[in-house]
1. Could you tell me what percent of the accessible area of the range 47-190 is made up of carbon and sulfur, with a 1.4 Å probe and every protein chain present?
2. Normalising by the residue count of the range 66-175, find the relative contact order in percent from Cα pairs under 8 Å and 6+ residues apart.
3. Which whole-Hz ³J(HN,Hα) couplings does the range 166-173 yield from phi under the Karplus relation 6.51 cos²θ - 1.76 cosθ + 1.60, θ = phi - 60°, glycine and proline marked x?
4. What number comes out for the charge environment of Met156, summing +1 per Lys or Arg and -1 per Asp or Glu over other residues with Cβ under 11 Å away?
5. With all protein chains present, calculate the accessible area of Ile81 using a 1.4 Å probe and round the result to the nearest 10 Å².
6. Once every DSSP H run of n ≥ 4 in the chain is given -39500 (n - 2.57) and the sum is divided by its residues, what mean residue ellipticity at 222 nm do you get, rounded to the nearest 500 deg cm²/dmol?
7. Applying a 10 Å radius around every beta-carbon, put 178-185, 13-20 in order of their mean neighbour count, most first.
8. Once you list every other residue whose beta carbon is under 12 Å from the beta carbon of Phe126, what net charge do they have if Lys and Arg are +1 and Asp and Glu are -1?
Amino acid sequence: MPKSTMEMKAMIFAAGKGTRLGALTKDLPKALVPLKNKPLVAHVLDKLRYYGFREIIVNVHHHADKLEAFLTTYAAEHDVIIHISDERKQLLDTGGAIRQARKFFDDKAVLIYNTDIISNINLHDFARFFAEKNPVALMAVRKRTTSRYLLFDKNMQLCGWKNLKSGEELIARKTEELQELAFSGIHFLAPEFYNNLPDEDVFSVIPLYVRNASEQKILGYDHSMDFWADLGKPDQLNQLENKALKFL
């Protein structure tokens, strides 16, 4: 088994209601929806363990009791430490979730991973890039069709964001050429970033990345050659169910 390249912790975003999955999340949290007879969150946990992460925090909201019970059993069976960030009373969005969990991070770098993302991204390479470039945030991104893009310069410094449907665009750094890349739901954060979050309970981290990009080193990591899938919709789950996939 490989070991992580630096001492860090991980957080899994698992509090979402999973409304895009329809009836599948009526009685289950999205994190427990099965893929190949294994809950989505278990695929992520297995990947994190493979890369040496032994201490993980998971935020919970929708059917929180069921998810917490599963995580307790998983931790006991696989000798890992899993903490719960309780959002039962209120969903905090991505930024608010990080802010609530920051005491758990203990001033170490943290990997954030969405529970409905399946990818064979090499987390060793991702962590090594993070250590070498030393940004306050590193976002896994790729070339794919979407309605919302992050904009990067030739050095992969975040410069802005655009929404093709609404026509909105936010430019933090002006440069002649910008490349459009889509966020993969996987990112690293340095303590410098998560210890200086806004004094708000509920907010999204992506707009904050873009606003801070004018002054902070916020980089993209292009993993377009990797397998990646967002399993937020039933048809996306069905497409992968019968395929032979290597997630690690």
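The values are calculated or read from the model by the stated rules, or taken from the named source; none is laboratory data. Treat the numbers as computed from the prediction; the structure is a model and nothing was measured. With ideal geometry, Cβ positions are generated from the backbone for all residues, glycine too; neighbour counts draw on all protein chains shown. These accessible areas exclude ligands, DNA and RNA; they are computed on the full protein's heavy atoms, side chains included. Shrake-Rupley method; radii C 1.70, N 1.55, O 1.52, S 1.80 Å.
1. Using a 1.4 Å probe with all protein chains present, the range 47-190 comes out at 43 percent carbon and sulfur.
2. Values: 52 pairs, mean separation 11.3, N = 110.
Reported as a whole number, the value is 10 percent.
3. 8, x, 5, 8, 10, 10, 9, 10
4. Details: positive: Lys133, Lys154, Lys217; negative: Asp153, Asp222.
Result for the local shell: +1.
5. Surface accessible to solvent at Ile81 totals approximately 90 Å².
6. After summing the helix terms and dividing by the residues of the chain, the value is -8500 deg cm²/dmol.
7. Top to bottom by mean Cβ count within 10 Å: 13-20, 178-185.
8. Details: positive: Lys47, Arg128, Lys133; negative: Asp125, Glu132, Asp222, Asp226.
Residues close to Phe126 contribute a combined charge of -1.
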